[in-house]
Amino acid sequence: MRVTVLYFAGHREITGQSSEVLEIPLGATLADLWQILIERYPRLAAYHTRLLYAVNQEFAVLDQLLHDGDEVAFIPPVSGGSEPVPAFRITSAPIEPAPLVALVQSPAMGAIVTFAGVARNNFGGRATAYLEYEAFAPMAVRVLEDIAAEACARWSTGAIAIHHRIGRLAIGETAVLIVVAAPHRHEAFSAAEWIMDRIKERAPIWKKEHWADGASEWVGDEKERKQA
């Protein structure tokens, strides 16, 4: 089958062209195509850990199957985004899954599970207007690292990435994103669920519910008052 590969920035300089049409085997994946390109243009190998992937202008992952006529882009570091994506981050910026998926994926991993905790419009039977998160960021990052390391040891996973938002979140925005790579789906799903539970228990991150009626409350305060 034939696919069109687009080249940008440093990739274009290495290949000497902005696009080309390649014949690849039926059943080939993005990972297979990338290996073909490295063989044709060995200098591309330096970009392996700093890539995003797109098929027909949609973000994709390395194990995605390709089809005849697909348009493929291996996207080099973009302006303002050349720094490596950290696996563990507390951030006030919106969280995007594609960079984290690209960070953890590996040819040896048969499953990648992505869990997104999203701000919902209700909590405890009350309507929520928006959420606010606060964190002791340096310690929180270390706790996320420790939780991921423990999950990796328990389920023999591959790489794990966790990003958590702070600040004001509108309904529908992602508050936490957990991405787990593992040889098989069972380990990936189990580890992701366990990680989320541990984050809620151990990470110094606090959530404030701003109710639709104008009131607000830090989650956990009501429980403490009832126990006092």
**OP:** Report, by residue number, each residue of region 132-175 that is aliphatic (A, V, I, L, M) and closer than 21 Å to Ser216 by Cα.
**Re:** Ala135, Ile166, Leu169, Ala170, Ile171, Ala175
Subject >> Residue in region 71-89 that is at pLDDT below 85, buried (at least 17 other Cβ atoms within 10 Å of the Cβ), within 30 Å of Phe136 (Cβ to Cβ) and of a type outside the set (Lys, Arg) present >> reply: yes
Original post:
Which members of region 1-37 meet the condition of being closer than 15 Å to Tyr47 by Cα, among the polar types (S, T, N, Q) and touching a residue at least 12 places away in the same chain (Cβ under 8 Å)?
Top reply: Thr15
Original post:
Going through region 142-151 one residue at a time, which ones are surrounded by fewer than 19 Cβ atoms within 10 Å (Cβ to Cβ) and either touching a strand residue (DSSP E or B) at 6+ places or on another chain (Cβ under 6 Å) or among the hydrophobic types (A, V, I, L, M, F, W, C) (or both)?
Top reply: Glu145, Ala149
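Could you tell me which residue of region 1-19 is nearest to the chain's Cα centre (by Cα), considering only residues that are β-branched (Val, Ile, Thr) and surrounded by 15 or more Cβ atoms within 10 Å (Cβ to Cβ)?
Applying the first criterion (β-branched (Val, Ile, Thr)) to region 1-19 yields 3-5, 14-15.
Retained after the next criterion (residues that are surrounded by 15 or more Cβ atoms within 10 Å (Cβ to Cβ)): 3, 5, 14-15.
On the way: Val3: 27, Val5: 24, Ile14: 28, Thr15: 29 Å.
My answer is Val5.
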**OP:** Quickly run through region 125-145 and pick out the residues that are farther than 18 Å from Ala170 by Cα and in contact (Cβ under 8 Å) with a residue 12 or more places away in the chain.
**Re:** Phe136, Ala137, Met139, Ala140, Val141, Val143, Leu144, Glu145
Original post:
Does any residue of region 20-39 turn out to be surrounded by 16 or more Cβ atoms within 10 Å (Cβ to Cβ) and farther than 27 Å from Ala108 by Cβ?
Top reply: no
Original post:
Does Ile162 meet the test of being assigned to a helix (DSSP H, G or I), under 20 Å from Ser92 (Cα atoms) and within 17 Å of the chain's Cα centre (by Cα)?
Top reply: no
Original post:
Any residue at all in region 20-40 that is assigned to a helix (DSSP H, G or I), touching a Pro at 6+ places or on another chain (Cβ under 7 Å) and basic (Lys, Arg)?
Top reply: no
Original post:
Within region 48-64, is even one residue among the polar types (S, T, N, Q) and either modelled with pLDDT of 90 or more or closer than 26 Å to Phe136 by Cα (or both)?
Top reply: yes
**OP:** Considering only region 10-19, state which residues are touching a Pro at 6+ places or on another chain (Cβ under 6 Å) and at pLDDT 85 or above.
**Re:** His11
Original post:
Restricting region 165-189 to residues that are within 17 Å of the chain's Cα centre (by Cα) and in a helix (DSSP H, G or I), which is farthest from Ala116 (Cα to Cα)?
Top reply: Arg185
**OP:** Report whether or not Arg142 is among the basic types (Lys, Arg) and modelled with pLDDT of 95 or more.
**Re:** no
**OP:** Keeping to region 95-131, report how many residues are of a type in the set (D, E, K, R) and touching a Phe, Trp or Tyr at 6+ places or on another chain (Cβ under 9 Å).
**Re:** 2
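The values are calculated or read from the model by the stated rules, or taken from the named source; none is laboratory data. Just so we're clear, the structure is a prediction, and the values are computed from it rather than from any experiment. Ideal geometry is used to build each Cβ from the backbone, glycine not excepted, and the neighbour counts take in all protein chains shown.
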